[in-house]
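Here is the structure we will look at, set down as structure tokens.
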Amino acid sequence: MQQDLYVLIDIGGTAIKSGVATIDGTLLERNEMPTEAKPTEAQLEAAKQSGTEIDSCKFGGPGIVSKVKKITAAALEKYGAQIKGVSISTAGMVDPDQGKLVYALPDAIPDYTGVNFKEIVTGEFSLPCEVENDVNCAALGEMWLGAGRGCHSVFCMTIGTSIGGAMICNGKLISGASNSAGEIAYMRVPGGMLHSLASTTYLVKYYAQLRGESVDQVNGIRIFNEAESGDEVAIKAIDELIEHLTDGITNVVSVQNPQAVILGGGIMAREDYLRPRIEAALKEKLREIVFRATRIEFAKLRNDAGMLGGFYHFKQRRGLM
């Protein structure tokens, strides 16, 4: 008897990851293609030189829709009737009931707001489809098969260009009245907003300022390499970020009291360096009974988190748990 299979798609600003999985989340294949949210400078220059116009349907929202259709069609061609549904994790604010992008930054992905994947996929392929925000999906994935396995109450923070967040209670996402619960980038902490003080962007800018260098010469890898070698400027920059980040974690824990706070994003791969410093700061800021009950975890699923979390969301909404 052939097993049921599902198409998993994770749409980011840079790349679209996809795969085909069994009901238990085992990925039979993984694929990746560029999102092409906007034409590159080279493409624009080439079009200018040749006197042709850029085909706008290849980029932004229309281009992403085309890619989702191609991914789904390819899976159906390969696996046929075994394919039973499509789960989509995507950047942007999502209304999961409608399966629709209610807002996407035009500067990030033009012409994406308003795209309704549920209608598109179901209408063209007669397959059920569920859609959720990518940070929310990453949190669900980590709770299901990653760092939060065994927990029913989790807060996931993604530290990168900005800061993303997602709240899970009793194994389910808390979306909020405007589908923006957990968006901690806008949280107020001493000194300003968390986005402005605890992102990788802030770390790079602050370090460059301390060094008197251009931000173009700096990245997170360099900062952490120098800190691990004992460089005082790099250590100071990271300690400053940790101070603001743990203010944000303290606020989250005070409101939700989750079993685990899961930290993801590029710099969080430096767990050996960060864990003892983050835990030491939180021990000072949280009441002892709360600190002892709160696990600080580092994301484990990496590039698969969005796909697997999107599929977990699909299973919840479709009664497949």
**OP:** For the chain, give the percent of accessible area contributed by carbon and sulfur heavy atoms, probe 1.4 Å, rounded to a whole number.
**Re:** 50
**OP:** For residue 85, enumerate residues with amide H under 5 Å from its amide H, sequence gap 5+ or separate chain, H modeled in the peptide plane.
**Re:** 7
Subject >> Overall form of the chain per C-alpha gyration tensor (a/c, 1.5; a/b vs b/c) >> reply: oblate
Original post:
Rg (Å, one decimal) plus Dmax (Å, integer) for the alpha carbons of region 36-181?
Top reply: 17.7, 58
Original post:
Which residues' amide hydrogens lie under 5 Å from the amide hydrogen of residue 102, considering only partners 5 or more residues apart or on another chain, with H built in the peptide plane?
Top reply: 93, 94, 95, 114
Subject >> Accessible area in the full protein assembly, largest first, 1.4 Å probe, for 79, 186, 103, 207 >> reply: 186, 103, 79, 207
Original post:
When the solvent-accessible surface of protein heavy atoms is calculated with a 1.4 angstrom probe, in what order do 247, 4 fall, highest first?
Top reply: 4, 247
Original post:
In sequence order, what are the phi-derived ³J(HN,Hα) couplings for region 255-261 according to the Karplus relation 6.51 cos²θ - 1.76 cosθ + 1.60 with θ = phi - 60°, rounded to whole Hz, with x for glycine and proline?
Top reply: 8, 9, 6, x, 5, 9, 10
Original post:
In nm, to one decimal, how far is the modelled label at residue 273 from the one at residue 231, with both set 7 Å along Cα→Cβ?
Top reply: 0.9
Original post:
Binning every alpha carbon pair distance of region 1-120 at 10 Å from zero, what are the percents per bin?
Top reply: 13, 40, 30, 14, 3, 0
Original post:
Using θ = phi - 60° and the Karplus curve 6.51 cos²θ - 1.76 cosθ + 1.60, what whole-Hz ³J(HN,Hα) does each residue of region 114-130 get, with Gly and Pro shown as x?
Top reply: x, 5, 10, 5, 4, 5, 5, 5, 5, x, 8, 10, 6, 10, x, 9, 10
Original post:
If you take the charge dipole of the chain about its Cα centre, with +1 on Lys and Arg Cβ and -1 on Asp and Glu Cβ, which of 136, 91, 269 is farthest toward its positive end?
Top reply: 136
Original post:
What pairs from 172/300; 100/300; 38/69; 205/236; 172/283 go past 22 Å between their alpha carbons?
Top reply: 100/300; 172/283
Original post:
Picking from 105, 11, 120, whose Cα lies most toward the positive end of the charge dipole for the chain (charges on Cβ: Lys, Arg +1; Asp, Glu -1)?
Top reply: 120
**OP:** Sticking to Cα atoms, compute the Rg of region 274-321 to one decimal and its Dmax as the biggest Cα-Cα distance, whole number, in Å.
**Re:** 16.3, 43
**OP:** Report ³J(HN,Hα) in whole Hz for each residue of region 14-24, in order, from the Karplus equation J = 6.51 cos²θ - 1.76 cosθ + 1.60 where θ = phi - 60°; Gly and Pro get x.
**Re:** 9, 9, 10, 9, 8, x, 10, 10, 7, 4, 8
Subject >> Size of electric dipole in the chain: Cβ of Lys, Arg +1 and of Asp, Glu -1, about Cα centre, debye, nearest 20 >> reply: 760
Subject >> Nonlocal amide H pairs with residue 299, under 5 Å, H built at 1.01 Å >> reply: 263, 264
Original post:
How much area per residue is accessible in region 1-107 when the probe is 1.4 Å and only protein heavy atoms are counted (Å²)?
Top reply: 53
Original post:
Can you give the accessible area per residue of region 212-295, in Å², using a 1.4 Å probe?
Top reply: 52
Subject >> Over region 166-321: Rg over Rh, Cα atoms, Kirkwood Rh >> reply: 1.00
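The values are calculated or read from the model by the stated rules, or taken from the named source; none is laboratory data. Owing to the predicted nature of the structure, the values given are computational and were not obtained by experimental measurement. With ideal geometry, Cβ positions are generated from the backbone for all residues, glycine too; neighbour counts draw on all protein chains shown. These area figures cover heavy atoms from the full protein model, side chains too; ligands, DNA and RNA do not enter into them. Shrake-Rupley method; radii C 1.70, N 1.55, O 1.52, S 1.80 Å.
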